[in-house]
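One structure is given here, and the rest of the page talks about it.
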Amino acid sequence: MKKVNEAQESLRTLGRRLHDARLDRDDTMAIFAERLGVSERTVRAMEQGLPTVQIGTWLQALWILDELQSLIGYGDRVDVQRSREPVGRSGGGVGRAAGDLHVPPG
């Protein structure tokens, strides 16, 4: 499996931000882990930016720290556009509309 450097750096940056936000709230790692419902080991992995933590755990942590919107980053600029073309297997079958994420410029 080929690792993507940009994704790894983004996780490390997110981990540093999580660490700083936790400390700003004067939460110990043990207290934050308890609030999040995970082990201290998981919080440590998050703060180190390891790619082993489930996305749901990240979202819950950011929600607890009131930082969820900062992860999204696009706020209300993100539009979901629905394609009218069905998505299905080659050879026919019933398809469903594809949701394409579209971020308008500026």
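The values are calculated or read from the model by the stated rules, or taken from the named source; none is laboratory data. Keep in mind it's a predicted model, so treat the numbers as computed, not measured. Cβ placement follows ideal geometry from the backbone for every residue including glycine, while neighbour counts extend to all protein chains displayed.
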Please indicate, with yes or no, whether at least one residue in the stretch 79-91 is part of a helix (DSSP H, G or I) and either loosely packed, with under 12 Cβ neighbours inside 10 Å or modelled with pLDDT under 90 (or both). no
Residue hits (the stretch 16-47; among the small types (G, A, S) and at pLDDT 95 or above) are A30, A33, G37, S39, A45
Count of residues meeting criterion [polar (S, T, N, Q), over 18 Å from the mean Cα position of the chain (by Cα) and under 16 Å from Q60 (Cβ atoms)] in the stretch 3-44: 1
Look at V4 and say whether it is free of Cβ contacts under 8 Å to residues at least 60 places away in the same chain and within 18 Å of I64 (Cα to Cα). no
